[in-house]
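I have placed the structure first, in the form of structure tokens, so that the comments after it can refer back to it.
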Amino acid sequence: MKPLALLAAAFLAGCASVDANQCANAYELGFRDAIFGLQRQDNVYGPLCERQNARLDLARYAQGWQEGLYEFEQRTVHSVD
């Protein structure tokens, strides 16, 4: 299952697109990425936002991502072997 998740993450990162509204809602963007188990994408979104004359608030993105990661980990089934 992990190879499939990595492939999906690579595909999503390669096709990443955001609009100016999403750039303005950096917290929600970070939370969404993390809740889907993606690595931080701020290095991808930053230039995309700049091309649209918008700014990605990196601190809010990081906060949203961290809280989304917490939720992702809480929802993931952990087995003890």
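Taken together, the values in this text are just the output of simple stated rules run on the coordinates, not laboratory data. Everything numeric in this text was worked out from a predicted model, so none of it was measured. A quick note on method: Cβ atoms are made from the backbone with ideal geometry, for glycine too, and the neighbour counts reach across all protein chains shown.
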Q. What ³J(HN,Hα) values, in whole Hz, does the Karplus curve 6.51 cos²θ - 1.76 cosθ + 1.60 give for the stretch 33-49 when θ = phi - 60°, with x put for Gly and Pro?
A. 4, 5, 5, 8, x, 7, 6, 4, 10, 4, 6, 8, 5, x, x, 5, 5
Q) Going by how many other beta carbons lie within 10 Å of each one, how would you line up F36, F72, fewest first? A) F36, F72
Q | Label-point separation in nm, E67 to N53, each point 7 Å along Cα→Cβ | A | 3.1
Q: Just grab the label-to-label distance for T76 and N43, each label 7 Å out from Cα along the Cβ direction, in nm (one decimal).
A: 2.0
Q) What nm distance separates the two modelled labels at A20 and F36, each placed 7 Å from Cα along Cα→Cβ? A) 2.4
Q. In whole Hz, what ³J(HN,Hα) sequence does the stretch 65-75 give by Karplus (6.51, -1.76, 1.60; θ = phi - 60°), x for Gly and Pro?
A. 5, 5, 6, x, 5, 4, 5, 4, 5, 5, 8
